[in-house]
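This report concerns only the one structure given below.
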Amino acid sequence: MRRACHNRRPSDILVTMPAENELVTIFRSADADAEQQASVVCDMLANANITAEIFDDSAPGVTEGVVEVRVPAERQADDERLIEIRKDFNPSALDLSHDLDMVPVFASDAPNAEMIAAEIRSILESQSIPSMLVSGTMFPSLPFEVRVPRERLDEAKRTIASAEEAGPAAAEEGERESEEGGGPN
């Protein structure tokens, strides 16, 4: 299998990708998660605007059980420099646990749900708890959700409960302190 892995449209790939014999291998893995590792390498290259392709063992010249990432030969020096800079990069060290899965901490389809979700995200952000807003703004009947990493769910719930308990007066006081430069760091 030959699969391009960059941010171009399929029509661009057909026109601009070199022939297979004009590509050089810059990453090779035979690990059980080799395809995932190759995808991570491709993403890293794509973020540096480098066109790359993944080849598995169904491609000619690829050993059975191996997955490779290849780039155009004329880019080899740049790509090797990128990999040299990222020596600490180890695709097998990925955290595959579900601790970082985003789970809902708030969900509502009330008319003011978007405003409440924004307030909750602000509260979470003030405590350095990552969050994301999930909504179907094109479909008003879908709820707004605020999601946090599963491992931070209990902390997020406590933070929200604490803010609700303190009430709007505490929020106004905190805002006033931050405007005066004397707020928490």
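The values are calculated or read from the model by the stated rules, or taken from the named source; none is laboratory data. The structure displayed is predicted, hence computed values, not measured ones. Cβ placement follows ideal geometry from the backbone for every residue including glycine, while neighbour counts extend to all protein chains displayed.
Does any residue of region 27-42 turn out to be modelled with pLDDT of 70 or more, polar (S, T, N, Q), touching a helix residue (DSSP H, G or I) at 6+ places or on another chain (Cβ under 7 Å) and part of a strand (DSSP E or B)?
Looking through region 27-42, at least one residue is modelled with pLDDT of 70 or more, polar (S, T, N, Q), touching a helix residue (DSSP H, G or I) at 6+ places or on another chain (Cβ under 7 Å) and part of a strand (DSSP E or B).
Take region 43-60 and flag every residue that is among the hydroxyl-bearing types (Ser, Thr, Tyr) and either over 23 Å from Ala77 (Cα atoms) or part of a strand (DSSP E or B) (or both).
Ser58
At negative phi, without any contact (Cβ under 8 Å) to a residue 40 or more places away in the chain and assigned by TED's automatic domain parsing to the domain that holds Arg81: which single residue out of Glu35, Glu68, Glu53 fits that description?
Glu35
Kindly list, by first and then second residue, each pair from a residue in region 133-154 that is in contact (Cβ under 8 Å) with a residue 60 or more places away in the chain to a residue that is surrounded by fewer than 20 Cβ atoms within 10 Å (Cβ to Cβ), limited to pairs with Cβ atoms under 7 Å and residues at least 6 apart or on different chains.
none
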